[in-house]
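A.B. asks: A single structure is presented below for examination.
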Amino acid sequence: MLYKRHNRIKEVLKKRQPHLTVLIEDVHKPHNLSAIIRTCDAVGILDLHVVNQNGKYPTFSKVSQGSEKWVFITTYISIDDAINALKRRKFKIYAAHFSKTAIDYRNVNYTEPVAILLGAEKWGVSKEAAQLVDGHITIPMLGMVQSLNVSVAAAVILFEAQRQRLEAKMYTKMQLSPTTYNKILFEWSYPNISKLYKKNSRKYPSLKENGQICEDNL
Ligand SMILES: C[S@@+](CC[C@H](N)C(=O)[O-])C[C@H]1O[C@@H](n2cnc3c(N)ncnc32)[C@H](O)[C@@H]1O
């Protein structure tokens, strides 16, 4: 059982894409946030960035199916903090946003370090955010309604990113550094023990092939 789970975690981590991420601005409905996290997990996204003015995000609903355990969430209280943090990490940021300069979402190169910004359910991406990003993208709407649900828009764009990254073989060559891979492998395999290590500022032990902790490290 432990062995099977450990192997599953290893397989998932080998496909995680640290240079593809999502930033959401004031999305406040738990089912939308949950659905976005679930899609992030499915596409292989390692971390999600959330801006909410009170520094918190809504609670998760059943829609997430526990995926919040497998996607790291960083919160910010202002959109410029979030955008600056991503720019420092060399991400190009594209806002899913209706504007005169917006391009079709399929015309972006998602094999580069890219962050997708999605806006609030009611009012969309803020003016401030729209000015700070590198570009705007839209999913063509050919019906009577003007926009998609935010979690649906996230899925459409992220699966295009996945398509491009699959084509570029980015899921077959590990994108995480060995140090990050080992750190997350330990945290996901042993969530309770790793919390104790963290609390006591202890260096994580390495894991055996079957997922057991090397005893000489204890
Ligand atoms: C329900 S929409 C918000 C609609 C809002 N009235 C507006 O004008 O932006 C929530 C978010 O989903 C994303 N979205 C929805 N439909 C989209 C589309 N067709 N193209 C790009 N992004 C879309 C955008 O990020 C948007 O901010």
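A.B. asks: State the volume of the convex hull built on the alpha-carbon positions of region 5-91, expressed per residue in Å³ and rounded to an integer. Don't skip to the end; give the middle numbers.
C.D. replies: On the way: hull volume 7.3 nm³, N = 87.
So the per-residue Cα hull volume is 83 Å³.
A.B. asks: Rounded to whole Å and sorted largest first, list the principal axis extents of the Cα atoms in region 96-184.
C.D. replies: Projected onto its principal axes, the Cα set of region 96-184 covers 46, 27, 21 Å.
A.B. asks: Now for a separate question. Counting other beta carbons within 10 Å of each residue's own, what order do ARG5, ARG16 fall into, fewest first?
C.D. replies: In order of increasing Cβ crowding within 10 Å: ARG5, ARG16.
A.B. asks: Quick one: dipole size for region 17-167, taken about the Cα centre, charges +1 on Lys/Arg Cβ and -1 on Asp/Glu Cβ, in debye to the nearest 20.
C.D. replies: 100 debye
A.B. asks: Sum -39500 (n - 2.57) across every DSSP H segment of at least 4 residues in the chain, then divide by the residue count to get the 222 nm mean residue ellipticity, nearest 500. Intermediate values should be presented prior to the final figure.
C.D. replies: On the way: 7 runs with 83 residues, N = 218.
Mean residue ellipticity, 222 nm, calculated: -12000 deg cm²/dmol.
A.B. asks: Quick check on the chain: of the DSSP beta bridges with both residues there, what percent are antiparallel, nearest 5%?
C.D. replies: 10 percent
A.B. asks: Also, I was wondering about something else. Multiplying the sequence separation of GLU112 and LYS4 by 0.36 nm and subtracting their Cα-Cα distance, what value in nm do you get?
C.D. replies: Difference between extended and current length: 35.6 nm.
A.B. asks: Cut-off is 10 Å between beta-carbons; in what order do ASP104, ASP134 appear when sorted fewest neighbours first?
C.D. replies: Listing ASP104, ASP134 from fewest to most nearby Cβ atoms yields ASP104, ASP134.
A.B. asks: Restricting to lysines 8 or more places apart or on different chains, can you count the pairs in region 144-218 with Cα atoms under 21 Å from each other?
C.D. replies: Count of close lysine pairs: 9.
A.B. asks: Can you give the angle from 0 to 90° between the axis of helix 79-88 and the longest principal axis of the chain, with both taken from C-alpha atoms, to the nearest 10?
C.D. replies: 60 degrees
A.B. asks: Could the peptides 205-212, 27-34, 95-102 be put in order, highest first, of the mean number of other beta-carbon atoms found within 10 Å of their residues? Working shown, then result.
C.D. replies: Details: 205-212: 13.5, 27-34: 18.8, 95-102: 16.5.
Result, highest mean first: 27-34, 95-102, 205-212.
A.B. asks: Further question: Compute the normalised compactness of region 17-167: alpha-carbon radius of gyration over 2.2 N^0.38 Å, N being the residue count.
C.D. replies: Computed over Cα atoms of region 17-167, the ratio equals 0.94.
A.B. asks: In nm, to one decimal, how far is the modelled label at GLN212 from the one at ASP47, with both set 7 Å along Cα→Cβ?
C.D. replies: So the label points at GLN212 and ASP47 sit 3.4 nm apart.
Read-outs throughout are calculated quantities, based only on the coordinates presented, and are distinct from any laboratory measurement. Predicted, not measured: the structure shown is a model, and the values here were computed from it. Quick reminder, even Gly has a Cβ in these numbers, built from the backbone with ideal geometry, and neighbours come from all protein chains shown.
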